[in-house]
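Throughout, read-outs are computed from the coordinates displayed, never taken from laboratory work. The shown structure was predicted, so the numbers you read here are calculated from the model rather than taken from an experiment. Heads up, the Cβs are rebuilt from the backbone with ideal geometry, glycines too, and the neighbour counts pull from every protein chain shown.
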Amino acid sequence: MAHFVAHGSLRLDGIVPPEMNEEALSFLAAGVPGIPFGTPVPDAYPEGSLPRRLLGIPQVEGALRSLVGPDPLVDHHAVHIREPKEGSAQPLHADAIIDVRGRAFDVQLMYYPQDVTLEMGGTLSVPGSHLRRVNETDTGRYQNLLGQSRLVCPAGTVVFLHHGLWHGGRRNDSDTVRYMFKIRFNPTVRQQLLWDTSDLHSPEVHEELTRTFPWYEQATGRLEIYNRALMWRFLTGDARFDLDHWVTRVTNEPTTAAPSTPTPTSTPSSPSTANATTEFERGNA
Amino acid sequence: MSTRQQVLALYLGTSALDAKVVGWARYDGTGRTTPTTGDSDEPPYVTGLDALLDGWRLIQASPMLPPFPGHEYDVSFLKHEFLFEKLVDTRI
């Protein structure tokens, strides 16, 4: 979970069995009819259907439950096809519209049923961009960011993205059609402590949550850690959680009065307050 | 008319022009190249200054604006955008 909070994504390489990948290629090529927005999984995908079996793979089921909890709704799904030598890439974007929810989040499952090479234009994504508030393709001017991820993966790979992650389908320069099946899920429960929390206080969690990425500007990168600390507070219910004091420092406004102390008096051997102020104003402080 | 404009957008790590490049985009008015999203993992220059040293002319830099009150901790677009141009004689 800490990895997801830092990166905005979770990648599971080659977890779908080959026979299902083979079936998926023809299933996706035939087109998948749309479903009403916000459909429960059992209604969207009948028992035995390929999407339902995909969601039943233990790693997929576990990741989905950890991220959005039980009984999520299917927001929508889509088959994404990148045609060979198509000549252009998608502009970098975040899906849907600008999303100003406090900390709750949707996830997008992306399933790649075939081997994806660099030339095939695997999905571009920008690690750690999910907390940046932008509206869809307004980020289109950014062609490349330092440390970006250009997906190259084996067949049967599933990636979960936070809804806010910047991404886009890259230009397919190969001779092969590239398929990806996307399903967006909405949570129906508060996303708190939904995962295996047995290692919640391990040093690796802190290390992961304070990770920075090469494209972060020096100053704004600190704000990313601040916002991550708030997200971790939401996910754990720990209202005092912090990362390297970033939140605590800037919210520290004590209201308790100081205990009363005797008023200091000037003596010939100790400098007066007025003298000390004069020293400060002279720049000697 | 045989002069065409090439545009380079660099996103830097601070507001200083000699800061490290963290993002980039290119648009080629000559039509000789077709840069696009996700076409490279390596920045064209290490710093913004390196672009000047290579002959790019700076035509715009992001203004430095204070955050909107109440949104001081929000993160959104990259802040330090520098736009450069080169004028290219397409007869060459």
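Please go through segment A:67-101 and write out the trypsin sites (Lys or Arg not before Pro) that DSSP classes as loop and that have at most 13 other C-beta atoms within 10 Å. Walk me through the numbers on the way to the answer.
On the way: sites: A:Arg82, A:Lys85, A:Arg101; in loops: A:Lys85, A:Arg101.
Loop-located and lightly packed - A:Lys85, A:Arg101.
Which of B:Ser2, A:Ser260 has the fewest other C-beta atoms within 10 Å, and how do the rest follow up to the most? All intermediate terms of the calculation are to be shown ahead of the outcome.
Working: B:Ser2 9, A:Ser260 6.
Arranged by neighbour count, lowest to highest, B:Ser2, A:Ser260 become A:Ser260, B:Ser2.
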Identify, among A:Val60, A:Phe105, A:Val250, the residue whose Cα sits farthest towards the positive end of the charge dipole of the protein assembly as shown, taking +1 on the Cβ of Lys and Arg and -1 on the Cβ of Asp and Glu, with the dipole about the Cα centre.
A:Val250
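Let me know the mean shielding of A:137-143 by other chains, meaning the per-residue number of their Cβ atoms within 10 Å of its Cβ. Write out the running numbers ahead of the final one.
Values: counts 0, 2, 4, 2, 10, 10, 12.
Partner-chain Cβ atoms within 10 Å, mean over residues of A:137-143: 6.
Suppose every Lys and Arg Cβ carries +1 and every Asp and Glu Cβ carries -1, with no other charges. What dipole size does segment A:203-250 come out with about its Cα centre, to the nearest 20 debye?
Values: 6 positive and 8 negative charges, 41 e Å.
For segment A:203-250, the charge dipole is close to 200 debye.
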Rounded to the nearest 20 debye, what is the charge dipole size of segment A:28-105 about its Cα centre when +1 sits on each Lys and Arg Cβ and -1 on each Asp and Glu Cβ?
180 debye
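At a 10 Å Cβ-Cβ cut-off, how would you order B:Trp24, A:Trp195, fewest neighbours first? Walk me through the numbers on the way to the answer.
Values: B:Trp24 22, A:Trp195 17.
The order, fewest Cβ neighbours first, is A:Trp195, B:Trp24.
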Leaving out same-chain residues fewer than 8 places away, which lysines sit with a Cα under 21 Å from that of B:Lys79?
B:Lys20
Per the charge dipole of chain A (beta-carbon charges, Lys/Arg positive, Asp/Glu negative, Cα centre), the residue among A:Tyr45, A:Gly140, A:Pro203 reaching farthest to the positive end is A:Gly140
Given H placed 1.01 Å from N in the peptide plane, which residues other than close sequence neighbours of B:Thr37 have an amide H under 5 Å from its amide H?
A:Ala89
Virtual spin-label span in nm between A:Glu204 and A:Ser26, 7 Å along Cα→Cβ:
4.1 nm
Net charge of Cβ neighbours under 11 Å - reference A:His76; Lys, Arg +1; Asp, Glu -1
-1
10 Å Cβ neighbours from other chains, averaged over peptide B:71-84:
5
Spatially proximal lysines relative to A:Lys182 (Cα-Cα < 29 Å; intrachain offsets below 8 disregarded):
A:Lys85
Counting partner chain Cβ atoms within 10 Å of every residue's Cβ in A:210-218, what's the average?
4
Around A:Thr188, which amide H atoms from residues at least 5 apart in sequence, or from another chain, sit under 5 Å from its own amide H, with H modelled in the peptide plane?
A:Leu73
What whole number of Å gives the distance from the Cα centroid of segment A:68-101 to the Cα centroid of segment A:130-186?
8 Å
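Taking other Cβ within 10 Å of each residue's Cβ, how do B:Asp54, A:Asp173 sort, fewest first? Write down the numbers at each step before the final one.
Values: B:Asp54 12, A:Asp173 16.
In order of increasing Cβ crowding within 10 Å: B:Asp54, A:Asp173.
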Tally Lys and Arg at +1 and Asp and Glu at -1 over the other residues with C-beta under 13 Å from the C-beta of B:Gly13: what net charge comes out?
0
For the protein assembly as shown, give the magnitude of the charge dipole about the Cα centre (Cβ charges: +1 Lys/Arg, -1 Asp/Glu; no others), in debye to the nearest 20.
660 debye
By how many degrees, 0 to 90 and rounded to 10, does the Cα axis of helix A:218-236 deviate from the longest principal axis of chain A?
70 degrees
Mind telling me which of B:Val75, B:Val46, B:Val22 comes out most flexible in a GNM of chain B, alpha-carbon contacts under 10 Å?
B:Val75
